[in-house]
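What follows draws every value from the coordinates through simple rules; no lab data is involved. Just so it is clear, the model here is predicted, and its values are computed rather than measured. Positions of Cβ are backbone-derived with ideal geometry, glycine not excepted, and every protein chain shown enters the neighbour counts.
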Ligand code: SF4
């Protein structure tokens, strides 16, 4: 995410590419398996490392046909130039990109297009499924993932604050059912397995079966914003089927979704599946990420609720009651995102309290991640894709004020 000039929140300035600061020969971005194998093959054969898809390199001249981005020095010096640079970077991910940096060029090669079969082959590798032996003490995050399975990569949302689409792409690449079930069986027979597979999912679990009728070849920034694309087929049933078959394996007593679902897609696709989800595949708490309730803030985030948050809360609680289970929704929310003012936070608190009956703690203060659309908006105070000026809560006081709307102890 630091492959080109990028805004760094901790330094509060635009930094040059990490290629220069690290003096690396090559940078691998995205998930990297193909790149690493190709780099190893070329090194073994004594070949150069130029032109590998999914990598960034330094060159004296840009390759023929490369799309030239505004130079790094301009992007560092001037907010408007940074905004222009960002727009071109964002809209041309499918092309070879080059940015002048001193006497050289930073060159990004577009990502490789991975197939489902390749993803199966990656997951069939003999992973230890343990923290690296370097760690002698218990690794706190390990308990969360020890019994979870990755079913797919990619996220169709393309939310402005998130880096997943820049790492994994918007296109959903999914593992075959056989591959996931094989791993589930391996997990179920492993020492210490307690009978509970805690997740079968990806960036949003219920995107597992999503396909695009146009084979994911288009220039939209999101498949869901501003409206759901007519070419998108969600196919929630295939993910639910995967969960059900995981539950049938010997030794598995529970197979639940731990990572969270995109609830509005779930309801837009097949709401009749909610009963099955609530009865069999939620372990007391279902995570969702509305992020905000203000239409203005959601527009800056490139996120729109495609189904009412309150309606979903009602539907989920009813489905849980029918299943005889007392279950909760855990909504993930965000303060301080560009476009968000104190009034938006107060309004969100009211709506969330009314919908869920409690004020959640899962409110994160927005931190701009390098090279995301939101970081460009935060830095420049304008949306690079529309040119619109955007309010940004920037000072510690403003940011703390927004965050405290949810976190400070209150009587209500
Ligand atoms: S055509 Fe629609 S579904 Fe396909 S990638 Fe583009 S926006 Fe997404």
Evaluated at 25 °C and 0.890 mPa s, the Stokes-Einstein D of the range 149-266 based on the Kirkwood radius over Cα pairs, in µm²/s, stands at 164
Distance in nm between residue 342 and residue 42 label points, each 7 Å along Cα→Cβ, equals 5.5
With label points set 7 Å from each Cα along the Cα-to-Cβ direction at residue 26 and residue 295, the distance between them in nm comes to 5.0
From the Cα centre of the range 367-410 to that of the range 175-229, the distance in Å is 31
Its Cα gyration tensor gives the range 1-48 an equivalent ellipsoid whose semi-axes in whole Å, largest first, are 28, 12, 6
Here the percent of antiparallel bridges among DSSP beta bridges lying wholly in the range 116-407, to the nearest 5, is 30
Ranked output for segments 39-46, 287-294, 266-273, 62-69 by mean other Cβ atoms within 10 Å, highest leading, reads 287-294, 266-273, 62-69, 39-46
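So for the chain, what percent of the C-alpha to C-alpha distances run longer than 40 Å?
21
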With 0.36 nm assigned to each residue of separation and the Cα-Cα distance removed, residue 237 to residue 182 gains 17.8 nm
One would report the antiparallel percent of DSSP beta bridges in the range 6-108, rounded to the nearest 5, as 85
Residue separation between residue 254 and residue 361 times 0.36 nm, minus their alpha-carbon distance, gives in nm 35.8 nm
Note to self, the chain gives a 222 nm [θ] from helices alone (DSSP H runs n ≥ 4, -39500 (n - 2.57) apiece, / all residues, nearest 500) of -10000 deg cm²/dmol
Scoring the range 6-108 by relative contact order with C-alpha pairs under 8 Å, at least six apart, yields a percentage of 26
per DSSP, antiparallel bridges as share of beta bridges in the range 271-412, % nearest 5, sits at 10
Per the rule of 0.36 nm per residue minus the C-alpha distance, extending residue 213 to residue 270 adds in nm 18.7 nm
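Evaluate E = 1/(1 + (r/R0)^6) for residue 100 and residue 386, where r is the Cβ-Cβ distance and R0 equals 22 Å; express this FRET efficiency to the nearest 0.05. Show your work: numbers first, answer last.
Values: r = 26 Å, r/R0 = 1.20.
It comes out at approximately 0.25.
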Checking rank on 189-195, 349-355, with mean other Cβ inside 10 Å and highest first, the result is 349-355, 189-195
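Between residue 13 and residue 64, take the C-beta separation as r, use R0 = 25 Å, and let me know the FRET efficiency to the nearest 0.05.
Working: r = 33 Å, r/R0 = 1.34.
The value I calculate is 0.15.
Once a ≥ b ≥ c are taken as the square roots of the eigenvalues of the Cα gyration tensor of the range 29-121, is the result rounded (a/c under 1.5), prolate (a/b larger than b/c) or oblate (a/b not larger than b/c)? Don't jump to the answer; show the numbers that get you there.
Numbers: a/c = 2.90, a/b = 1.65, b/c = 1.76.
It is oblate, given that a/c is not under 1.5 and a/b is not larger than b/c.
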The rounded separation in angstrom of the Cα centers of the range 95-170 and the range 1-78 is 16
Label model pair residue 193, residue 323: point-to-point distance (7 angstrom along the Cα→beta-carbon line) in nm is 2.2
